[in-house]
Amino acid sequence: MSISHTFTVESTDHCETPLSAYRDVAPALAEIARLLGKTKETVKIYDPYFCAGGVKRHLGALGFPNVYNRNEDFYKTIESGRTPEYVTCFCLIQACLALCPPA
């Protein structure tokens, strides 16, 4: 599949995460959603780093239909103040650390 990106990409840092990896983290995402008072169906996940759209397809297949992952320049989105109202990767990391603090 050939994707034409709306931003400059670095080919050595532009790889899709496989479905198996999303299967591994899906239970943790579901638990984080629960802690946020959401379900898999209602939590909104923002993955700002678009590659070929796999994150949206894979998480959707695992029951997370509200994934924002678009072919847009994340850094320009931040500069313009247009980031969506979704749970960001940073928020997910904070929630994980709250559940399992480092030793």
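The values are calculated or read from the model by the stated rules, or taken from the named source; none is laboratory data. Here the structure is a predicted model, which is why all the values come from computation and not from measurement. For neighbour counting, all protein chains shown are included, and Cβ atoms are generated from backbone atoms with ideal geometry for every residue, glycine included. For accessibility, only protein heavy atoms count, side chains too; no ligands or nucleic acids. Shrake-Rupley method; radii C 1.70, N 1.55, O 1.52, S 1.80 Å.
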Quick one: in the stretch 38-60, of everything that is farther than 17 Å from Pro84 by Cα and modelled with pLDDT of 90 or more, which residue is most open to solvent (accessible area, probe 1.4 Å)? Arg57
Limited to the stretch 21-33, what total is found for residues that are modelled with pLDDT of 90 or more and exposed (fewer than 15 other Cβ atoms within 10 Å of the Cβ)? 2
